[in-house]
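Below is one structure; the comments refer to it alone.
The values are calculated or read from the model by the stated rules, or taken from the named source; none is laboratory data. Source: prediction; values computed, not measured. So basically every Cβ, Gly included, is an ideal-geometry build from the backbone, and we count neighbours across all protein chains shown. Note: accessible area is taken over every heavy atom of the protein model, side chains too, but ligands, DNA and RNA are not part of it. Shrake-Rupley method; radii C 1.70, N 1.55, O 1.52, S 1.80 Å.
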Amino acid sequence: MGVLIRVLIADDHFVVRQGLAALLAPRNGMQVVGEAATGKEAVELALALRPDVILMDLFMPDMDGTAAILAIKEQDPAARILVLTSFGEREKVTAALRGGALGYLLKDSSADDLFAAIRSVCGGNLFLPQ
């Protein structure tokens, strides 16, 4: 097996974080290096851990996902962020992309779509669902 993609999960729902962590296992070429329950915690962990990809929910306490993306990109312009949200609200997703996210995926997407999106963003490519 090659080098694992190091992923930080930022979502305020414990069950979502645990489900994602179970999917993002070494057998799928990924390793979860941290979990954040708030936007503020996401910023702190992103800067401390420097993951290959950050999965960012848009709706979190303390600081929403868009503000967290801006804060992370301000301090680490090379950060690669994929928005993972249950809402397809165009203006929120557009703001996140303008803030520096490389793509987005809805939470009801398949595991294969999630893996493809993470690999795409890890490679520095834009990922937008079809």
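Quick grid of which residues meet (1) within 23 Å of Ala116 (Cβ to Cβ); (2) open to solvent by less than 60 Å² (accessible area, probe 1.4 Å); (3) among the basic types (Lys, Arg):
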| position | (1), (2), (3) |
| --- | --- |
| Arg17 | yes, yes, yes |
| Arg27 | yes, no, yes |
| Glu74 | no, no, no |
| Val83 | yes, yes, no |
| Ser86 | yes, no, no |
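Just one of (1) over 17 Å from Ile5 (Cα atoms); (2) modelled with pLDDT of 95 or more; (3) open to solvent by less than 30 Å² (accessible area, probe 1.4 Å) trips up Val93, so point out which.
Unmet condition: (2).
Between Asp62, Asp12, which is open to solvent by 50 Å² or more (accessible area, probe 1.4 Å), modelled with pLDDT under 95 and part of a loop (DSSP other than H, G, I, E, B)? Spell out the reasoning first.
Values: Asp12 fails: modelled with pLDDT under 95.
None of the others qualify; the one that does is Asp62.
Name the single residue, out of those in the range 112-126 being open to solvent by 40 Å² or more (accessible area, probe 1.4 Å) and among the hydrophobic types (A, V, I, L, M, F, W, C), that is farthest from Leu20 (Cα to Cα). Break it down into steps so the answer makes sense when it comes.
Here is the first cut: in the range 112-126, the ones open to solvent by 40 Å² or more (accessible area, probe 1.4 Å) are 112-113, 116, 119, 123, 125-126.
Within this subset, residues satisfying the condition of being among the hydrophobic types (A, V, I, L, M, F, W, C) are 116, 126.
Numbers: Ala116: 14, Leu126: 21 Å.
This residue is Leu126.
Return yes when Leu70 is part of a helix (DSSP H, G or I) and open to solvent by 50 Å² or more (accessible area, probe 1.4 Å) and no when it is not. Don't jump to the end; show me each part of the working.
Working: part of a helix (DSSP H, G or I): yes; open to solvent by 50 Å² or more (accessible area, probe 1.4 Å): yes.
Yes, satisfied.
Go through the range 34-50 residue by residue and tally those that are under 24 Å from Asp108 (Cα atoms) and either open to solvent by less than 40 Å² (accessible area, probe 1.4 Å) or outside any strand (DSSP E or B) (or both). Please lay out each step first, then the result.
Pass one, the range 34-50, residues under 24 Å from Asp108 (Cα atoms): 34-39, 42.
Narrowing the set further to residues that are either open to solvent by less than 40 Å² (accessible area, probe 1.4 Å) or outside any strand (DSSP E or B) (or both) leaves 34, 36-39, 42.
Counting residues in the range 34-50 that are under 24 Å from Asp108 (Cα atoms) and either open to solvent by less than 40 Å² (accessible area, probe 1.4 Å) or outside any strand (DSSP E or B) (or both) gives 6.
Among the residues of the range 96-111, write down those that are among the aliphatic types (A, V, I, L, M), surrounded by 19 or more Cβ atoms within 10 Å (Cβ to Cβ) and part of a helix (DSSP H, G or I). So that I can check it myself, show each step before the final result.
Within the range 96-111, the first condition is being among the aliphatic types (A, V, I, L, M), and the residues that meet it are 96-97, 101-102, 105-106, 111.
Still in the running and surrounded by 19 or more Cβ atoms within 10 Å (Cβ to Cβ): 96, 101-102, 105.
The one that is among the aliphatic types (A, V, I, L, M), surrounded by 19 or more Cβ atoms within 10 Å (Cβ to Cβ) and part of a helix (DSSP H, G or I): Ala96.
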